[in-house]
Structure formats: structure tokens, C-alpha cells
């Protein structure tokens, strides 16, 4: 078999892009490591260089134990959750060709909330009969099952009522979202005071359940998705021109849609299952990425994951330190950050429309 030969000009251009991408990737990685180190050092219990040295030397000091058992797992958890949210937001926006899309349009987080509400209220007696270890996992496992169950219902309903149409998938997601939130409202109505507090706190978002096993599982899902992002990025670039155009250039639109919905369910389901609802990260990270690298999905996807990780690490650090010794729900801080940014994006879009008109 003969290998395909690129024209000399295109080959030199591709080589230059690869050479420029490497320093940018290294700079982004170093910046993330610096932010992680600062976040791990900041908190109610102040840490310093000596604690890092004790950790590296395996010296059992109090600061080293706090760093190893509490701070580093939590900061690493913020990195992988933020990366998952940013990446899932970029995939959703590319799939629906809508800069305001995120997995909530498909009802995936709503499915997680619905399952948690049912376990917290209606099925609380059954959950109380489980062993202690399983009781601690009841809420995360219910949220994960709810997210994936919503994904299955979404695919089945869209295939039954509007096969092959992206609009049908969106309408099915909105309908299931409304149904799930109605069930959540019913569960909230019948909940006791303690159940209502637990459900409300989970809905506001927290990274307090951080642990290395969860970090590893979600990190592996993010890494695999990033490895596939270049292939999906090419298809999303074609899809941005319309479903008909994408099909004409060889993009399997229906297969791509099913695959991306499953990926969105995996990423957002794992994130929501262990930390509750954290809004706006999936919206802001893709916008920030597109503002730097343009609309090319092959570049937007990894950069959106990076921005999502940075945003959530900074938000969680603020949540841990602003009201010491208490802790703010991180979802409140991301909402406070996201709402003004969305207003700025709206103003910019209006100016662009006015200039174009």
C-alpha cells in the first residue's frame, strides 16, 4: 500500500502547527500544576514549602498528612470534575451547534437529581437497611444510575418519535427534563426537614466526597475522551455546517450523535454523582476556549477541559477559604461567576449583530 503524500506547502504548515502546539501545551500544563500547588497550599490549615518537602521525603508531619489525605485528593478531584464538565459542555455545544448548550439540555443532570431525590425520600427506609459502606455510596450510585437511565430513555424516545433528527433529540431531552424535575418537586414536598436539607445541599454542589478511587475513574474517562477528541473534532467541524453537509462529506451523523450522547452521560453522570450540581462551568469553559483558539473543535475540546479544570479549582479554593471554618457550596460560587460572564457574552453578541447589520 502506498502512503498518502501531502503537498510540500501543506506539510510545512502542518509541521509548524505541531511545533507551535507543543510549547502551548507545555505552558498550559505548567500553569495548571502551579494553580494546583497553590490551591493545595491554601486553606483553613496553612501549609508551606516544608510540608511539601516532608511529603516528598515521606516524613509523617501533620502538614504532610493534611496535604496527602485531604488537600491533594480534593484538588485533583476538582481538576478532573472541572475537566469533565468543560469537555462535556464543548461536546454538547458542538453537537447541537448552539453556544448555550450543555448536558442539562438532554436532561442528564435532571435524571441524576431525580434518582437522588427518590433515594433520599421515598426509598430512604430501604437505603437505611443497607450496610454502612453501601449507605455512603447510595446517593452517588443513585445519581449515576439516574443519569445513565435518562440517557437510555432519551435515546429510545428520540429513536421512536424523531429518528435521525437532532431537534427530536433536543425536544425529547426537554420533555424528560420537565418530567424529572416534576418528580423532584414531589419528593421535595413530601421530604422531612433532614431529608430536605440533605437534598438541598447536594443540589448546591460540593467536592467534600473527594477520594483517589473516584479521581482515577473520572480521570480515565476524561483522558479517553480527550484522546478521541481529535477525531470527534473533525466531525463536529463538519457538523457545524449542517447535518446534510456533514453527511455529504462522510460523517455518520446518527452514529456520532449516539456516541456523543453516551459520552456526555458518562462524563456528566460521573461528575454529578460525586459532587452534585455545579453549573456554568460547562458553559464558560468552551466560550473561553473559543475566544483563544477560534471555532476549530479539535482545539476547543482540550482547551475547554483545561479551562474547566482551572475554573473549578479556583472556585473550590474560594469555597474552602472565604468563610473559614465553614465551607460554601461550590455551585453557588460558579453561578455567581457564571451569570455576569453570560451577560458580557450577551452584550458582545448584540454588538456583533449590530455591527453585522
- Message: If residue 295 satisfies all but one of (1) surrounded by 15 or more Cβ atoms within 10 Å (Cβ to Cβ); (2) free of Cβ contacts under 8 Å to residues at least 60 places away in the same chain, what's the number of the condition it fails?
- Response: (1)
- Query: For segment 269-288, does any single residue satisfy the condition of being free of Cβ contacts under 8 Å to residues at least 24 places away in the same chain and either more than 28 Å from residue 153 (Cα to Cα) or loosely packed, with under 15 Cβ neighbours inside 10 Å (or both)?
  - Reply: yes
- In segment 90-117, residues that are surrounded by fewer than 24 Cβ atoms within 10 Å (Cβ to Cβ), under 14 Å from the mean Cα position of the chain (by Cα) and part of a loop (DSSP other than H, G, I, E, B) total 1
- For segment 292-306, does any single residue satisfy the condition of being out of contact with any helix residue (DSSP H, G or I) (no Cβ under 6 Å at 6 or more places or on another chain), over 20 Å from residue 98 (Cα atoms), modelled with pLDDT under 90 and not in a loop (DSSP other than H, G, I, E, B)? no
- Given the residues 314, 337, which is the only one that is at pLDDT 90 or above and out of contact with any helix residue (DSSP H, G or I) (no Cβ under 6 Å at 6 or more places or on another chain)? 314
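Kindly indicate whether any position in segment 63-73 is under 30 Å from residue 236 (Cα atoms), part of a helix (DSSP H, G or I), more than 21 Å from the chain's Cα centre (by Cα) and modelled with pLDDT of 80 or more. First the steps, then the outcome.
Filtering segment 63-73 for residues under 30 Å from residue 236 (Cα atoms) gives none.
No, segment 63-73 contains no residue that is under 30 Å from residue 236 (Cα atoms), part of a helix (DSSP H, G or I), more than 21 Å from the chain's Cα centre (by Cα) and modelled with pLDDT of 80 or more.
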- For residue 236, are the conditions met, namely being at pLDDT 85 or above, under 15 Å from the mean Cα position of the chain (by Cα) and farther than 26 Å from residue 114 by Cα? no
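Pull up segment 320-334, narrow it to residues that are touching a residue at least 24 places away in the same chain (Cβ under 8 Å) and touching a helix residue (DSSP H, G or I) at 6+ places or on another chain (Cβ under 9 Å), then point me to the one that is farthest from residue 82 (Cα to Cα).
Filtering segment 320-334 down to residues touching a residue at least 24 places away in the same chain (Cβ under 8 Å) leaves 320-321, 324-325, 327, 329-332, 334.
From what is left, the residues that are touching a helix residue (DSSP H, G or I) at 6+ places or on another chain (Cβ under 9 Å) are 320, 327, 329-332, 334.
Details: 320: 16, 327: 19, 329: 15, 330: 12, 331: 12, 332: 15, 334: 11 Å.
Looking at the filtered set, the residue picked out is 327.
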- Message: Tell me which helices (runs of 4 or more DSSP H) are completely within segment 155-252 and hold 3 or more residues being without any contact (Cβ under 8 Å) to a residue 12 or more places away in the chain and closer than 26 Å to residue 271 by Cα, or say none if there are none.
- Response: 166-190, 193-204, 212-239
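If you go through segment 343-355 one residue at a time, do you hit one that is crowded, with 22+ Cβ neighbours inside 10 Å and more than 12 Å from the chain's Cα centre (by Cα)? If you could, list the steps in order and put the result at the bottom.
In the first step, residues of segment 343-355 are kept if they are crowded, with 22+ Cβ neighbours inside 10 Å; the result is none.
No: segment 343-355 contains no residue that is crowded, with 22+ Cβ neighbours inside 10 Å and more than 12 Å from the chain's Cα centre (by Cα).
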- Answer residue from segment 32-49, given it is out of contact with any helix residue (DSSP H, G or I) (no Cβ under 7 Å at 6 or more places or on another chain) and in a helix (DSSP H, G or I) and is surrounded by the fewest Cβ atoms within 10 Å (Cβ to Cβ) among those: 49
- Item | Contacts under 6 angstrom Cβ, first residue in segment 77-89 being buried (at least 24 other Cβ atoms within 10 Å of the Cβ), partner not in a helix (DSSP H, G or I), 6 or more apart | 77/207; 77/210; 78/207; 89/102
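The values are calculated or read from the model by the stated rules, or taken from the named source; none is laboratory data. What you are looking at is a predicted structure, and each value in this text was computed from that prediction instead of being measured. Cβ atoms come from the backbone with ideal geometry, glycine included; neighbour counts cover every protein chain shown.
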